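Let me begin by presenting the structure, written as structure tokens, before commenting on it.
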Amino acid sequence: MLGDLDEELNAAGTSLVFAELKSPVRAKLVRYQLIGTLDPVHFFSTLGAAVEAYRTEFDADWRPPAPSGVTVPEAPGSGPPAAP
């Protein structure tokens, strides 16, 4: 079932990834042979590691939204080009 989902997502150009998977959960995936077809590079020890891998793979330069009432300046080069 999990393998089928992974294959369906891969066919659609989407990757199934896991972050912060607890040892008992991972052990059950292995025990029930649900992990065998999944790409080992799609397992991350932390959510931050998963996000960084995504940002690196897709050259994504973004920041989380600012808290309410706080203005965050745009990253250099992220806005429209300056008028001459």
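Among the chymotrypsin sites (Phe, Trp or Tyr not before Pro) within segment 14-54, those in coil by DSSP and having at most 13 neighbouring Cβ atoms inside 10 Å are TYR32.
If the segment from ALA19 to ALA60 were pulled out straight at 0.36 nm per residue, it would be longer than the present Cα-Cα gap by 12.9 nm. In this structure, the amide hydrogen of LEU21, modeled 1.01 Å from its nitrogen in the peptide plane, lies closer than 5 angstrom to those of PHE44, counting only residues at least 5 positions away or on a different chain.
A short reminder: the numbers here are calculations on the coordinates, not readings from a lab. Everything quoted here is computed from the prediction, not taken from an experiment. No Cβ is skipped: glycine too gets one built from the backbone with ideal geometry, and neighbour counts run over all protein chains shown.
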